[in-house]
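Engineer: My questions will all concern the structure given below.
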Amino acid sequence: MSMYDIIIIGGGPAGLTAAVYARRAFKSVLVLEAKSCGGQIINTPDIENYPTWEHISGFDFATRLTEQAKILGTEIKLERATDIKTDGEIKTVFTPHGSYTARAVIIATGSAPRKLGLPNENELIGRGVSYCATCDGNFFRKKKVAVVGGGNTALEDALYLSDIANTVYLIHRRDEFRGETSTVQKLKERENVSFVLNSSVTALNAEKGLKSIEVTSNSGAASTIEVSGLFVAVGRIPETRSFAAVAELDDIGYAASDENCRTKTPGIFVAGDNRQKEVRQLVTAAADGAVAAAGAIKYLSEN
């Protein structure tokens with residue numbers, strides 16, 4: 001079994017950026033990706049907030065980054081990593097197809113948005129349903145939108161969208177929010193924000209795209225709200241549980257690391273949306289990938 005310098009788990013923007021930096025340092029690199037390279041950004045129709053491009057589709061961005069990593073000599077295997085074992089300086093990554101060894105590992109598995117679980121939710125992603133207001137909000141300028149959730153992300157999404165959309169409905173299953181009181185107060189001062197409390201979104205109505213949502217109160221009363229966009233902010237699920245033995249996880253599952261993306265295990269790094277941090281955007285995922293790769297390269301030179 002050949003040994004790699006660095007194994008990167010995850011082929012999203014963080015993982016592929018790490019691969020680019022590692023290969024430019026002439027390290028042998030294996031990327032293990034469970035599904036297809038690109039990550040969640042593939043689902044974004046138009047990226048407008050990444051340096052150098054005014055507009056680029058998520059698919060095109062992911063394709064270019066993947067090709068860049070391949071041209072530099074990155075080896076990519078479509079296999080899901082299920083575990084990491086350490087034996088001194090040697091790390092073994094296991095997949096259903098076998099195992100691979102390396103001296104350093106970067107975990108860049110990202111996180112998945114927690115969904116509402118409604119029947120046609122997946123089909124409407126990119127056609128009215130979004131999990132990122134800062135990514136997709138501008139597509140709904142001067143339109144009616146709804147945000148569902150009660151934490152800081154939902155509140156901040158609603159505040160952000162209130163500067164873009166004509167009307168923002170903020171839907172929460174309780175009568176009080178878990179997020180910051182000061183943000184709630186700011187929302188109450190916005191004339192185009194309407195609170196729909198003690199209620200849940202129970203159906204999505206669509207033709208070619210989202211047309212309206214059905215909202216059911218805790219008492220059982222149902223109503224229909226016409227919106228062009230629904231922003232779901234009910235939490236995210238980090239893809240880290242398989243690696244709890246080598247990386248300290250918080251209650252939600254985000255991996256702890258220092259500013260250099262180092263975990264508690266020497267030679268194992270974490271990058272991207274599965275890492276504890278405040279801002280989870282395409283640009284910060286790429287930045288994490290570069291930082292983690294630099295850390296891994298330094299680790300290899302010192303051990």
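The values are calculated or read from the model by the stated rules, or taken from the named source; none is laboratory data. Just so it is clear, the model here is predicted, and its values are computed rather than measured. Note: ideal-geometry Cβ built from the backbone for every residue, glycine included; neighbour counts use all protein chains shown. Ligands, DNA and RNA are excluded from the accessible area calculation, which covers all protein heavy atoms including side chains. Shrake-Rupley method; radii C 1.70, N 1.55, O 1.52, S 1.80 Å.
Engineer: Report the paramagnetic label zone for S2: residues of region 260-303 whose backbone N is under 12 Å from a point 7 Å from Cα along the Cα-to-Cβ axis.
Structural biologist: No residues fall inside that zone.
Engineer: Before rounding to the nearest 500, sum -39500 (n - 2.57) across all DSSP H runs of length at least 4 in the chain and divide by the residue total; then give [θ] at 222 nm in deg cm²/dmol.
Structural biologist: Calculated from helices alone, the mean residue ellipticity at 222 nm is -7000 deg cm²/dmol.
Engineer: Which loop trypsin sites (Lys or Arg not before Pro) in region 203-254, with loop taken from DSSP, have no more than 14 other Cβ atoms within 10 angstrom of their Cβ?
Structural biologist: The qualifying sites are K208.
Engineer: Now, a different point. If you take the charge dipole of region 161-303 about its Cα centre, with +1 on Lys and Arg Cβ and -1 on Asp and Glu Cβ, which of S199, A165, G179 is farthest toward its positive end?
Structural biologist: Selected residue: S199.
Engineer: Less than 15 Å apart at the alpha-carbon level, and either on another chain or at least 8 residues along: which aspartates and glutamates does that give for K27?
Structural biologist: The reachable aspartates and glutamates, counting only those whose Cα sits under 15 Å from K27, are D5, E75, E302.
Engineer: While we're here: Would you mind checking the pairs K35/K143; K144/K277; K91/K298 and listing those with alpha carbons more than 23 angstrom apart?
Structural biologist: Beyond 23 Å: K35/K143; K144/K277.
Engineer: Report the full-extension gain for the segment A256 to E48: residue separation times 0.36 nm, less the Cα-Cα distance, to one decimal in nm.
Structural biologist: 71.9 nm
Engineer: Turning to a different aspect of this structure: Considering the options G12, W53, V29, tell which one lies farthest towards the positive end of the dipole of region 2-68, charges being +1 on Lys and Arg and -1 on Asp and Glu at the Cβ, about the Cα centre.
Structural biologist: Value: V29.
Engineer: Same structure again: Among all the aspartates and glutamates, which ones have a C-alpha under 14 Å from K115's C-alpha, if same-chain residues fewer than 8 places away are not counted?
Structural biologist: E123
Engineer: Here's something else I'd like to know. In region 249-268, whose amide N lies under 18 Å from the spot 7 Å out along Cα-to-Cβ of R114? List them in ranges.
Structural biologist: It comes to 249-255, nothing else.
Engineer: Right, next: Using only alpha carbon pairs under 8 Å that are at least six residues apart, calculate the relative contact order of the chain and give it in whole percent.
Structural biologist: The normalised contact order for the chain reaches 21 percent.
Engineer: Between K77 and N138, what is the label-to-label distance in nm when each label sits 7 Å out along the Cα-to-Cβ direction?
Structural biologist: For K77 paired with N138, the spin-label model returns 4.0 nm.
Engineer: Where nothing but the Cβ of Lys and Arg (+1) and of Asp and Glu (-1) is charged, how large is the charge dipole of region 188-298 around its Cα centre, in debye to the nearest 20?
Structural biologist: 240 debye
Engineer: Could you work out the relative contact order of region 100-201, using alpha carbon pairs under 8 angstrom and six or more residues apart, expressed as a whole percent?
Structural biologist: RCO, region 100-201: 24 percent.
Engineer: Give the ranking of E176, E191, E259, E123 by solvent-accessible surface, highest area first, calculated with a 1.4 Å probe.
Structural biologist: Solvent-accessible surface, decreasing: E191, E259, E176, E123.
Engineer: Percent of Cα-Cα pairs per 20 Å bin, from 0 to the last occupied bin, for the chain, please list those.
Structural biologist: 33, 50, 17, 0
Engineer: Now for a different question. Taking only protein heavy atoms and a 1.4 Å probe, what accessible area per residue, in Å², does the chain have with all protein chains in place?
Structural biologist: Here the residues of the chain average 49 Å² of exposed surface.
Engineer: Follow-up. Tell me which aspartates and glutamates have Cα within less than 12 Å of K264's Cα, excluding those fewer than 8 residues away on the same chain?
Structural biologist: The reachable aspartates and glutamates, counting only those whose Cα sits under 12 Å from K264, are E248.
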